[in-house]
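Student: Quick one: the structure is below, questions incoming.
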Amino acid sequence: MRDLQSWLSRLEQLHPSEIELGLERVSSVAGALDVQVPARRVFTVAGTNGKGSCVRTMEALLRAVDHSVGAYSSPHLLRFNERIRIDGHEVDDVQLIAAFEAVEQARGETSLTYFEFTTLAAFWLFKQADVEFALLEVGLGGRLDAVNLVDPDVAIITSVAVDHEAWLGSDREVIGREKAGILRAGKTFVCADPRPPASVIDVSGKLGCDSYFIDRHFSLVDGVYRLEAEPELVLGLPELRLPPASVAAAITALAVAGALPGADQVCTTLEQLHMPGRCQALIMRGRNLVLDVGHNPAAAEYLASWLKQHPVPGRTLALFAAMADKDLAGLLAPLRSSIDHWYPALLPDNPRAAGAEQVEAALAAAAVPAEQVSTPSMAVKSQLERAFGELGEDDRLLVFGSFFTVAEVLQLTREQQDAQPE
């Protein structure tokens, strides 16, 4: 196959299931590819929320002092290439196709899921580039995720909350144990969850990890970062556009690994750091937009806090569409007091998306007053136009609920070519 899209379409059909947790199949192919050690140093990040922000922070800080870095994250918003970056640049189609061809040759008759195949491709690209650091974001859980076939030098858990219940369970202790599967005996572990499940503490203790827990060994309060362990460190940080706990975990991981830049470089880098789809503020048609991929209750709580910390003179309106398997009422309830009017939307081309009845029932279950909801629910693009018709210059429109929702609106802003960072 000569083009990337043909490859990606084929990978979607290679395995009967979108997800099949387990490492036996992917490990055997990794051995054939010789990618079990994709870089000289490996940092693996698991977590319900905030893991992408942690990877992005470490990547930016390492690149600030010219370290060679491979970063792997998922999912993507607009292009698959976003998932794999080498030295701060997305890999191009030619590089990806070469990696896919290498994995295809190595796998033989072994069946791989889309995520397993593309994870191996990322490892192959990092090995070919001889990167010093590989920063790996777990896709789902930890213990049985394809990323976990690599032994990390530093393991990071950003948060533990309930999500993906069908695969991970609905109990934080069970979920925490799955995420703690990325820890390795005697290696460094950084935890950014202020209330870590006992299962995480238990695993780190039994493995004899060199552990660092937020609010115990490190903290980030009122713009001041402190590491109260070796090496002791105090940094005054600029206003952050990414979750503070994830940023603090990234700083801690690099500091204890002896790879953190100097204080001035840290501040300059963080001042400029942002991520598409994470509290991303844009101006479109002269109006304020905020895009956020938050899709579970914990993410909604953070988003509500962010909105209160960044008020606008006018109203905050919300357009949301989400997947049917999410806790929709739990996603909406934390934002109820922050939103003046709601525009429930649909993703009709996505078979996983929630339908109109489910969305409207979730709003009612979250105790959102009916007079604050524009019904009936319509497709994202139609609801966006409807919201813009009622959006004043002092108002803002929040778009959230799913990567798919944000991707659709972000693509529209690109097509209209007048969207600018706020």
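The values are calculated or read from the model by the stated rules, or taken from the named source; none is laboratory data. In this text the structure is predicted, and so the values were computed from the model without any measurement. Neighbour counts run over all protein chains shown; Cβ positions are idealised from the backbone, glycine included.
Student: Restricting to region 354-381, name every residue that is more than 15 Å from Val399 (Cβ to Cβ) and in a strand (DSSP E or B).
Tutor: The one that is more than 15 Å from Val399 (Cβ to Cβ) and in a strand (DSSP E or B): Val373.
Student: Starting from residues that are out of contact with any Leu (no Cβ under 7 Å at 6 or more places or on another chain), among the polar types (S, T, N, Q) and not in a loop (DSSP other than H, G, I, E, B), keep the ones in region 1-41 and report whichever is modelled with the highest pLDDT.
Tutor: Taking the candidates together, the pick is Ser28.
Student: Hey, can you tell me all the residues within region 231-268 that are in contact (Cβ under 8 Å) with a residue 40 or more places away in the chain, under 25 Å from Trp306 (Cα atoms) and in contact with a Leu (Cβ under 8 Å, 6 or more places away or on another chain)?
Tutor: If the condition is that a residue be in contact (Cβ under 8 Å) with a residue 40 or more places away in the chain, under 25 Å from Trp306 (Cα atoms) and in contact with a Leu (Cβ under 8 Å, 6 or more places away or on another chain), then Leu242, Ala245, Val247, Ala248, Ala250, Ile251, Thr252, Val266 are the ones that fit.
Student: Now a separate question. Would you check if Leu331 is touching a helix residue (DSSP H, G or I) at 6+ places or on another chain (Cβ under 6 Å), at pLDDT 95 or above, assigned to a helix (DSSP H, G or I) and in the same structural domain as Leu412 (by TED's automatic domain parsing)?
Tutor: When the stated conditions are applied, Leu331 does not pass them.
Student: I would also like to ask the following. May I ask you to list the residues in region 249-288 that are among the basic types (Lys, Arg) and not in a loop (DSSP other than H, G, I, E, B)?
Tutor: Arg287
Student: Out of the residues in region 195-204 that are farther than 21 Å from Pro231 by Cα and of a type outside the set (Val, Ile, Thr), state the one that is surrounded by the fewest Cβ atoms within 10 Å (Cβ to Cβ).
Tutor: Arg195
Student: Residue by residue through region 364-379, note down the ones that are within 17 Å of Ile339 (Cβ to Cβ) and either surrounded by 15 or more Cβ atoms within 10 Å (Cβ to Cβ) or touching a helix residue (DSSP H, G or I) at 6+ places or on another chain (Cβ under 8 Å) (or both).
Tutor: Those that are within 17 Å of Ile339 (Cβ to Cβ) and either surrounded by 15 or more Cβ atoms within 10 Å (Cβ to Cβ) or touching a helix residue (DSSP H, G or I) at 6+ places or on another chain (Cβ under 8 Å) (or both): Ala364, Ala365, Ala366, Ala367, Val368, Ala370, Val373, Ser374, Thr375, Ser377.
Student: Since Ala121 meets every condition but one in (1) more than 19 Å from the chain's Cα centre (by Cα); (2) of a type in the set (A, V, I, L, M, F, W, C); (3) under 30 Å from Glu173 (Cα atoms); (4) buried (at least 24 other Cβ atoms within 10 Å of the Cβ), which condition does it not meet?
Tutor: (3)
Student: Would you confirm, using the coordinates I've provided, whether Ile339 is modelled with pLDDT under 95 and of a type in the set (Val, Ile, Thr)?
Tutor: In short, no.
Student: Take region 180-197 and flag every residue that is under 18 Å from the mean Cα position of the chain (by Cα) and either at pLDDT below 95 or within 20 Å of Pro38 (Cα to Cα) (or both).
Tutor: Ile182
Student: Among (1) at pLDDT below 95; (2) among the hydrophobic types (A, V, I, L, M, F, W, C); (3) closer than 24 Å to Ala134 by Cα, where does Ala298 come up short?
Tutor: Result: Ala298 passes all but (3).
Condition check ((1) in contact with a strand residue (DSSP E or B) (Cβ under 7 Å, 6 or more places away or on another chain); (2) outside the structural domain of Ser159 (by TED's automatic domain parsing); (3) closer than 27 Å to Val266 by Cβ) across all residues:
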{"position": "Gln13", "(1), (2), (3)": "no, no, no"}
{"position": "Gly31", "(1), (2), (3)": "no, no, no"}
{"position": "Val35", "(1), (2), (3)": "no, no, no"}
{"position": "Ala46", "(1), (2), (3)": "yes, no, yes"}
{"position": "Lys51", "(1), (2), (3)": "yes, no, yes"}
{"position": "Thr57", "(1), (2), (3)": "no, no, yes"}
{"position": "Asp66", "(1), (2), (3)": "no, no, yes"}
{"position": "Val69", "(1), (2), (3)": "yes, no, yes"}
{"position": "Ser73", "(1), (2), (3)": "yes, no, yes"}
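Student: If I ask for residues that are more than 25 Å from the chain's Cα centre (by Cα) and in a strand (DSSP E or B), which ones from region 211-234 would you list?
Tutor: Leu233, Val234, listed by residue number.
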